[in-house]
Structure formats: structure tokens, C-alpha cells
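The values are calculated or read from the model by the stated rules, or taken from the named source; none is laboratory data. Model, not experiment: these values are computed from the prediction. Cβ sites come from the backbone with ideal geometry, for glycine too, and all protein chains shown count toward neighbours. Side chains included, ligands, DNA and RNA excluded: accessible areas come from the protein's heavy atoms. Shrake-Rupley method; radii C 1.70, N 1.55, O 1.52, S 1.80 Å.
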Amino acid sequence: MKRQSHKIIHNGEPTTWIGVNFWSRVGGPRMWRDYDAAVVGEELAVMRDHGMTLTRSFFYWHDFMPTADALDEVLVERYRDFLDQHEKLGMTTIPTFLVGHMSGENWDPSWREGRELFSDVTFVAKQAWYVRELTARFADHPAVAGWLLSNEIPIYGNWHTAGVGTNDSEVVGSWAQILIDAVRAGGGTQPVSIGDGAWGVETTGRDNGFRIRELAGLVDFHGPHVYRMETDPVRQNLGSAFICELLDIGGKPVVMEEFGLTSDYVSEDNAAHYYRQVLHNTLLAGATGWITWNNTDYDNLYDQAPYSHHPFEMHFGLTDKDGRPKAQAVEVKHFAELAHRIGFERLTRPDSETALLVSSYLEAQYPFTDPMDAPIVFDVARQSYIAAREADIQVGVARELDGVPDDCSLYLVPSAKQLLAGTWRTLVERAENGATVYASVYYGEHGTQRGPWWPNLDEMFGVTKRTRYGLVDPIVEDELRISFLVPFGGIAAGEELTFPVGGNENSRAYLPVEATDAEVIAVDQHGRPALLRRRTGSGWMVLGTYPFEYFATVTPFVNPESTWRLYDALATESKVVRDVRVEDPRVTVGRMDHEDGRRFVWFVSQSDEALSVTPSTVTGHLVGEDGDRIDRLDLAPYAVTVLELRD
């Protein structure tokens with residue numbers, strides 16, 4: 001299956017954005033009132049010298065539009081100077097129009113008077129005028145690279161009102177269309193997007209009205225904002241990448257519009273590790289732009305909102321209050337140097353032979369389904385993605401709503417409670433045509449229609465289920481051990497894998513079955529079938545009677561756990577080609593191909609310890625930047641090494 005590698009296009013050529021969200025340390029959000037051109041110039045030069053040649057900048061709405069029918073012309077001219085400084089430094093910027101939310105504070109224009117942001121026609125008309133007028137002032141400036149309608153407007157939009165607000169996707173879509181039309185009416189030809197954070201139901205399972213599918217036809221790129229709190233380092237390091245995978249919607253590029261961390265939460269060396277992981281893992285997941293949050297610290301603004309009541313927001317900077325670059329700024333510089341050396345804008349991801357199927361119940365909101373189910377789809381799919389990456393499978397993420405790809409050797413359906421009835425038929429067809437289809441059972445965390453909604457499970461997998469109506473078969477142990485009865489994809493007969501067990505009284509359950517025409521591959525510590533397969537046509541239907549991926553999802557500090565061994569075996573049995581791999585799941589391998597024929601391989605450590613690995617290749621060998629052959633690779637904690645694969 002094809003994996004997204006869509007690019008931002010500038011002057012007809014693909015381009016890579018590496019930049020930073022920018023507020024000056026003089027004033028922060030109020031920088032335009034207290035504009036210090038000299039300080040701004042110094043700040044921009046530091047960013048440029050660390051590889052960030054693009055900024056995202058902000059028209060603080062309260063200040064730029066002091067009345068309903070006027071712009072503050074003094075601030076407009078200060079912004080023009082800001083653009084001129086970019087041009088002199090060889091930099092560009094993405095102006096952001098509706099800045100009513102920032103860093104833990106919402107600000108209204110003084111003349112809003114409680115009007116609804118998205119559906120009040122007079123208020124939307126004022127927004128459109130504001131966007132059109134500002135665009136007309138600056139559309140021809142060479143320093144403008146793109147446009148964003150807002151900053152995290154879902155947070156701002158329902159500040160005063162409930163009901164319509166951002167819960168109505170039709171209203172949101174109309175609002176976005178009007179404002180994007182205003183950009184074009186003002187002469188803006190550069191790429192445009194919304195600035196909403198890509199927090200729609202398609203990436204969260206929770207509908208905030210900003211449905212990415214519905215907005216994809218309006219925007220030129222998707223812009224996720226990712227600041228997740230996690231309970232596992234690998235989930236943290238690969239979480240942004242999985243979101244990028246999910247944003248393969250409408251054929252639009254993915255730009256990491258915001259990501260970063262506050263120094264109040266993390267040591268500087270671990271901050272650098274996090275930046276390194278996010279940058280490289282999202283590149284491998286198809287991202288084509290990175291705009292970190294943010295350029296500097298704001299210690300001198302301690303008595304100014306939002307920093308007075310959200311003091312941790314003062315310290316997201318890549319530089320400190322005096323302009324000293326932090327370690328994470330150096331990481332961005334190294335990443336930018338690699339981008340220049342390799343030519344990120346000319347890279348694509350190779351096709352995948354493995355599809356991770358994401359249930360449509362994440363986003364479709366079918367009638368009489370429980371909203372608790374949707375976020376779990378995200379969680380288990382992400383855990384499956386992690387396990388596949390640990391097994392060095394170049395996995396593709398396929399949304400059920402877009403159909404099941406027909407060109408894969410292996411299909412992963414992890415901890416699935418619900419798929420559409422027709423999808424199960426399609427999966428059986430894929431197996432009959434030679435593929436391996438793996439699905440693991442999951443009952444759900446609530447009691448409403450609890451159980452796997454799998455039609456004809458017995459016939460599909462060659463088993464007889466021994467379940468009881470309205471009851472689950474609970475797992476009482478805190479650890480699941482499965483023993484293999486036969487060799488399976490590199491796992492020897494008699495070998496045992498262990499898995500954590502988690503969940504509540506509904507989800508901590510297994511599927512009791514008896515094999516009819518299925519082969520039992522592995523059993524649990526009580527001798528009950530845990531993994532079975534049934535031959536159908538020239539392929540296999542493989543059943544996991546335990547929700548392996550869900551158990552890992554709800555277990556803190558668990559990765560790598562044994563699901564990667566299971567996926568590794570499935571890939572081997574399915575004859576999935578892995579051009580380059582290592583035996584240690586703490587090092588993930590990813591490949592990208594240059595249009596000139598060169599192939600580059602990333603080795604990304606997920607360990608806080610130094611590691612040494614021996615990569616294996618199907619054909620060819622690996623070389624370093626100097627052209628010397630590399631047979632053994634030493635990786636510092638959370639390090640990234642990029643080699644070239646040559647014939």
C-alpha cells in the first residue's frame with residue numbers, strides 16, 4: 001500500500017519547512033505594542049543560525065483589530081518591519097490571523113460583546129474583513145510562506161457559548177470556507193490551513209466539530225499540535241508519528257505545526273532527546289514540516305497573563321530569557337543540517353506490505369454506539385503501530401472508512417471490538433487471495449453490548465466459541481503467558497511469551513474457543529488456545545483470543561512488550577520483506593528513498609542506555625556519510641543514526 005509522503009509546494013517545487021513559533025521575549029503576545037526591532041532581529045538571527053528559516057507569527061487579534069471596522073495601522077507597520085527583517089535574513093513566516101487563545105489564556109476583541117464565533121453572520125463578516133485586509137497588506141511580501149486562520153480556535157471557540165460553537169461541523173466548515181475565501185480575495189496565493197491543531201474526531205475519537213475529512217478539501221496542509229502526557233517513553237516518542245500517519249487524509253501534506261516542551265517539566269538533556277525523537281519519527285511517518293513551540297523564554301513577563309497564572313508556559317523556549325540556545329535548539333540545527341545534506345523534500349516512503357487497519361468506529365459515530373469506544377480505537381491502533389515498528393515492519397496505516405487495501409501480505413486488526421460487517425468479508429477475501437489476516441479480540445471497557453461485534457467468528461477462524469451471554473470470561477492473573485505448540489515465524493516450539501494484563505471488569509477478558517478446523521499455534525498458562533490460524537484459500541486467518549495490544553495500552557512503562565515478537569513472527573510467516581532490521585526492539589528501523597535512487601535508513605534508539613546492534617540486510621550493505629561500510633552500530637541513549645543502503 002502507498003504511504004503518504006505529500007509535500008508543501010513552493011514555486012512549483014517541493015519544499016521542507018523547519019521553523020519555530022515566534023513571540024519576542026519583549027512583550028510575548030503583546031510584542032506588537034512594545035515592539036523592539038533590534039531584539040526581534042537578534043532573536044530571528046539565532047533561529048536562522050540553528051537551521052530554522054521559517055517562523056509562525058501571530059496577529060494578536062485584540063490589538064490588531066481594536067474596533068469592529070479598523071486595523072491598528074501602527075501595529076500593521078511594525079509587522080511589515082518584522083517581514084522585512086525575515087527577508088534580510090533569508091527567512092519566511094506564516095502569519096496567523098485569529099489569535100484569541102494563547103498559552104492558557106483567552107482574549108476577546110473588545111467589541112465582540114459575546115457574539116458566537118462561528119455562526120453569528122455579522123461577527124463572521126467582521127472576521128472575514130479582518131483576514132482579507134491583512135492579507136491584502138502583505139500577500140505580495142516575499143517573506144510570507146503561508147497563512148493560518150487561527151491559533152487553536154477549538155479552545156477559544158466555545159469559551160462563552162455551548163451548543164452550536166465548535167460542536168457543529170457544518171457551521172465550522174462554512175466558517176472556514178468564508179475565511180479561506182477572504183485570504184484568496186486579499187490576494188493570498190500561498191498555502192493556507194486552519195491552525196486548529198488537527199484535534200478532530202479522526203485523530204482523537206472525540207468530535208470537536210473540526211472534522212479533518214470535511215476540512216481537507218479547503219486546506220493546503222494538515223497541522224497537528226501535539227503536547228501529550230504519556231505513561232510510557234516509547235508511546236511518547238512515537239505518539240506524534242502515529243498522529244501524522246492518521247493524517248493521511250485528502251492527499252494533503254502534514255506539518256508539525258506545534259510541538260515542544262517546557263523546561264519546567266524536563267531536564268535539558270531529556271528535552272533534547274524528546275525533540276530528536278519527534279523530529280525523526282514524524283519524518284519517517286510522512287511529515288514534511290516542523291514548527292517548534294517556541295523560540296524563547298519569557299521570565300521577564302512573569303506578572304503578565306498568561307504567564308502569571310501558567311508560569312510553566314514561560315519556559316517552552318528554544319533559547320532562555322537571555323537568548324542562550326538550549327540543547328533542543330541544537331537538535332533542531334542537526335536535523336536541519338541533515339535535511340539539507342540528504343534533501344528531505346525529495347524523499348518518499350517505500351510502499352508497505354503490511355496494513356494496520358484502524359476501525360471506522362474511531363471517527364464515524366454510528367448510531368447507538370457508545371462514545372467510550374472511539375478513543376480506545378486510537379489507543380490500541382497506536383500500540384499496534386509501536387509493536388510493528390519494534391519489529392522493523394514498515395507498516396502502513398489504513399483507515400477502514402477508506403477501504404481495505406488489496407495489495408498487502410499482512411493485515412493487522414488489533415484488539416478490535418468493532419468493524420463493519422462488510423469489512424470482515426473483505427478481510428476473508430484478502431486471506432483467500434494469499435494474505436495473512438491477524439485479528440485479536442477485545443470486549444470493550446463498558447457494559448453496553450459488551451463483546452466482539454464479529455459476525456460469523458466461528459466460521460472465519462475455524463473455532464467454536466464457548467462464551468456465555470451477558471458475561472465475560474475474566475482473566476484473574478496479572479500476567480499472561482503463552483506457549484507455542486509449533487514453530488511459528490522464528491518462534492520455536494515450546495518458547496513462551498509473556499504479556500501484561502490490564503483493564504477493568506469488562507475489558508480484562510479473553511475469548512474461550514475450541515478449535516474445529518483451525519490449528520492451535522499457542523496456548524495460555526491454563527492450556528487454553530491463545531493463538532490459532534485457519535487456512536482459507538491460499539492465505540491465513542489468525543485469531544488472538546486475548547487483547548494483547550489493549551493490555552499493553554493500559555499498562556504504564558511497558559514497551560517493548562511481547563506483541564512485537566508476535567508481529568515479527570506474523571511478518572515472517574507472511575513473507576513480508578524487511579530490507580533492513582535489527583534484533584533489538586529498542587531500536588526501530590525506517591527507510592526513505594530519494595528521487596535520485598539513494599536509499600536512506602534510520603536507526604532510532606528507544607533506550608535510555610547505550611546500545612550496540614548489528615543490522616541485517618536482505619540485499620546490499622550500509623555505509624556512513626564518508627562512504628565506509630557499517631556492519632556494527634553503536635547508539636547513545638535515544639540516539640538517531642542515518643545510513644545509506646547501497647547495492
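List of remarks:
- Unique match (being open to solvent by less than 20 Å² (accessible area, probe 1.4 Å) and either over 32 Å from the mean Cα position of the chain (by Cα) or within 30 Å of A355 (Cα to Cα) (or both)) among F59, F64, F22: F64
- Of all residues in the stretch 273-308, those satisfying the criterion of being under 27 Å from V395 (Cα atoms) and either of a type in the set (V, I, T) or assigned to a loop (DSSP other than H, G, I, E, B) (or both) are V278, T282, A285, G286, A287, T288, I291, T292.
- Selection within the stretch 332-367 - part of a helix (DSSP H, G or I) and either over 22 Å from V254 (Cα atoms) or open to solvent by less than 30 Å² (accessible area, probe 1.4 Å) (or both): V332, F335, A336, L338, A339, I342, F344, S360, Y361, L362
- Selected residue (criterion: nearest to the chain's Cα centre (by Cα)) from residues of the stretch 561-578 that are open to solvent by 50 Å² or more (accessible area, probe 1.4 Å) and either of a type in the set (G, A, S) or more than 19 Å from F484 (Cβ to Cβ) (or both): V577
- Subset tally (residues that are among the hydroxyl-bearing types (S, T, Y) and surrounded by fewer than 21 Cβ atoms within 10 Å (Cβ to Cβ)) for the stretch 401-451: 4
- Within the stretch 166-182, at least one residue is outside any helix (DSSP H, G or I), over 29 Å from A38 (Cα atoms), open to solvent by 10 Å² or more (accessible area, probe 1.4 Å) and at pLDDT below 95.
- Scanning the stretch 105-139 for residues that are among the small types (G, A, S) and open to solvent by 30 Å² or more (accessible area, probe 1.4 Å) yields S110, G114, S119, A125, A136.
- Hits in the stretch 594-647 (condition: basic (K, R) and within 28 Å of Y275 (Cα to Cα)): R598, R599, R632
- Under the condition of being over 15 Å from S263 (Cβ atoms) and open to solvent by less than 60 Å² (accessible area, probe 1.4 Å), the residues counted in the stretch 309-331 number 0.
- When I491, I482, I475 are screened for being more than 30 Å from E583 (Cα to Cα) and in contact with a strand residue (DSSP E or B) (Cβ under 9 Å, 6 or more places away or on another chain), only I475 passes.
- Against the numbered list (1) touching a helix residue (DSSP H, G or I) at 6+ places or on another chain (Cβ under 7 Å); (2) not in a strand (DSSP E or B), L471 comes up short only at (1).
- Under the condition of being open to solvent by 10 Å² or more (accessible area, probe 1.4 Å), in contact with a Lys or Arg (Cβ under 9 Å, 6 or more places away or on another chain) and on the phi > 0 side of the Ramachandran plot, the residues counted in the stretch 368-392 number 0.
- Selection count where residues are in a strand (DSSP E or B) and either free of Cβ contacts under 8 Å to residues at least 60 places away in the same chain or of a type outside the set (S, T, Y) (or both), scope the stretch 573-595: 9
- Just one of the listed residues (G597, G590) is open to solvent by less than 10 Å² (accessible area, probe 1.4 Å) and of a type in the set (G, A, S), namely G590.
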